[in-house]
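Student: Can you read through this structure? Questions will come right after.
The values are calculated or read from the model by the stated rules, or taken from the named source; none is laboratory data. Note that the structure is a prediction, hence the values are computed from the model and not measured. Note: ideal-geometry Cβ built from the backbone for every residue, glycine included; neighbour counts use all protein chains shown. When the accessible area is computed, the model is the full protein with side chains, heavy atoms only, and any ligands, DNA or RNA have been set aside. Shrake-Rupley method; radii C 1.70, N 1.55, O 1.52, S 1.80 Å.
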Amino acid sequence: MKYHLLFFLFLLVNCFSAAQSNKADFWNEELENSSDIIKPNTLSTHPFGIYISRLNHNFNVRNTEKYSFSFEVSSGNVVLPYVKSYELTDPVDRENSKNLPWHVREFAFDLNKSPSKIKEFEADGVIRSYRFNFTLPLTVNHELNFILRANSLDRGKYPFSVFTSDESIEWFHRNIAGGKDPFSRYHYGINKAGIVYKDENGKVLKMDNNNFTIPGVDINYTYYPKLEMNEKHHIYLNFGAQLGINTSRYNPAADFGISSSIIKKMIIKDKNILSFGLSAGVLRQHIFEYGNGVNLSNQDFLCSFEGLINYKVKLRNSNHISYGINYNFQNSYNKKSDIDYIVLTGERVNTHWQKTISHLYEDLEGWSAICTYSTKRFSYFVYLREDLNLDNAPDLQTGIGVKMSIKKS
């Protein structure tokens, strides 16, 4: 992750130094009045993450002029074969486990006799995420945003999963990169759908084919301060707070998060706008609990970071088309130190069979390519997300959406 962060910081610093401080008044006004970056929700369709009110970072520089609506659909192909884990609890076993490579621990302990906390997890299929957004300005520089989150699971067959179906992904692996069946989809069976997770307390999360759920709503407040550097250097800040109300029986709790972003804009070729953004935030899980759910994460805080590069081209008809690259980072769902005491068992079909559970102790990363076409009132966007660290949760993800803005007359 550190190399990705350094890459973004390098680009940001170079662009800051290259920006000229004395722009013509016309282009100052153009930057100040230009429409905001339309960034879709690129959060991963993770089997656990869909039940948690994670932070989707905001790279806008001003509040909406009146109000706006948007609807987004994301589809992610998840392939996580069955794995069972034993978290050793005996101090002697834990010390021995810590000194052993993970792949030999299964043969070093008698798991029928060693005291341990047991988890079981498997997930397969295409997880779809649906988001309904309504944004309302409160006063100057302040706005409120309401998001309804919904999800479904299916087998990812054509024509509803052109890119994220098992067949499409395996065609890519066979003909372009990866080789024949690198993640054993054909070994376990393609076009299957099902998620089953049993935590250490015996509580179970389950989704079957064609299940639909509404796991919660998010309420976001954003403040866009008016600062001297806005007009002088075209550098903007925003500060946000989020209350996430999780309503599913698997995670009956409320989360609270805060975030902040910095955005730099500059004119390219006297008509197009190049923007760079960095954003960081932290989500405190379970500030309120109103039930006894499944233990999806033992982290109190989920920290996240996003970097964005966006290039907006002004078209002849005064519409715009934008191209963006987004990087998203989140710390692991479970504490990294616990992996020292974990024994993993499963069918050793390939070299990364253990990822089903081991990735829960690793940081999550994803890169997204975004394209947006905007008219005066509507914006249409698509994106493609790839997990370059290969946690397969999801493997490949795509998204599409539309935003409608109601502007003041």
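Student: From the residues in the stretch 326-341 that are touching a helix residue (DSSP H, G or I) at 6+ places or on another chain (Cβ under 7 Å) and of a type outside the set (Gly, Ala, Ser), which one is nearest to residue 47 (Cα to Cα)?
Tutor: Within the stretch 326-341, the match that is nearest to residue 47 (Cα to Cα) is 333.
Student: Now for a separate question. For the stretch 373-394, which residues satisfy the criterion of being farther than 17 Å from residue 327 by Cβ and in contact with a His (Cβ under 8 Å, 6 or more places away or on another chain)? Don't jump to the end; show me each part of the working.
Tutor: Taking the stretch 373-394 and keeping what is farther than 17 Å from residue 327 by Cβ, we get 373-382, 392-393.
373, 374, 392, 393 - these are the residues of the stretch 373-394 that are farther than 17 Å from residue 327 by Cβ and in contact with a His (Cβ under 8 Å, 6 or more places away or on another chain).
Student: Given the criterion hydroxyl-bearing (Ser, Thr, Tyr), over 25 Å from residue 48 (Cα atoms) and surrounded by 12 or more Cβ atoms within 10 Å (Cβ to Cβ), identify the matching residue among 158, 236. Let's see the steps before the verdict.
Tutor: Values: 158 fails: surrounded by 12 or more Cβ atoms within 10 Å (Cβ to Cβ).
Residue meeting the stated conditions: 236.
Student: Report, by residue number, each residue of the stretch 251-267 that is open to solvent by less than 30 Å² (accessible area, probe 1.4 Å), part of a strand (DSSP E or B) and not small (Gly, Ala, Ser).
Tutor: 255, 263, 264, 265, 266, 267
Student: Could I ask something else about it? Could you list, ordered by first residue, the pairs with Cβ atoms under 7 Å in which the first is in the stretch 185-200 and open to solvent by 50 Å² or more (accessible area, probe 1.4 Å) and the second is assigned to a strand (DSSP E or B) and among the β-branched types (Val, Ile, Thr), at least 6 apart or interchain?
Tutor: 196/204; 198/204; 200/118
Student: Can you name every residue in the stretch 97-141 that is of a type in the set (A, V, I, L, M, F, W, C), open to solvent by 80 Å² or more (accessible area, probe 1.4 Å) and in a strand (DSSP E or B)? Steps first, please.
Tutor: In the first step, residues of the stretch 97-141 are kept if they are of a type in the set (A, V, I, L, M, F, W, C); the result is 100, 102, 104, 107-109, 111, 118, 121, 123, 126-127, 132, 134, 136, 138, 140.
Now narrow it down to the ones that are open to solvent by 80 Å² or more (accessible area, probe 1.4 Å): 102, 107, 132, 138, 140.
Hits for the stretch 97-141 are 132, 138.
Student: While we're on this one: With respect to residue 84, determine if the residue is farther than 30 Å from residue 210 by Cβ, assigned to a strand (DSSP E or B) and basic (Lys, Arg). Give the derivation first.
Tutor: Working: farther than 30 Å from residue 210 by Cβ: no; assigned to a strand (DSSP E or B): yes; basic (Lys, Arg): yes.
No.
Here is a yes/no grid of residues against (1) surrounded by fewer than 22 Cβ atoms within 10 Å (Cβ to Cβ); (2) within 29 Å of residue 283 (Cα to Cα):
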residue	(1), (2)
308	no, yes
319	yes, no
337	yes, yes
345	yes, no
349	yes, no
378	yes, no
383	no, yes
398	yes, yes
402	yes, yes
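The rows are residues; the columns are (1) of a type in the set (A, V, I, L, M); (2) more than 20 Å from the chain's Cα centre (by Cα); (3) within 30 Å of residue 41 (Cα to Cα).
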| site | (1), (2), (3) |
| --- | --- |
| 96 | no, yes, no |
| 102 | no, yes, no |
| 107 | no, yes, no |
| 110 | no, yes, no |
| 116 | no, yes, no |
| 125 | no, no, yes |
| 132 | no, no, yes |
| 135 | no, yes, yes |
| 140 | yes, yes, yes |
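Student: Hey, does the stretch 70-78 have a residue that's at pLDDT below 90, farther than 21 Å from residue 155 by Cβ, in contact with a strand residue (DSSP E or B) (Cβ under 6 Å, 6 or more places away or on another chain) and surrounded by 21 or more Cβ atoms within 10 Å (Cβ to Cβ)? Before you say what the answer is, go through the steps one by one.
Tutor: Of the residues in the stretch 70-78, the ones at pLDDT below 90 are none.
The answer is no; no qualifying residue exists.
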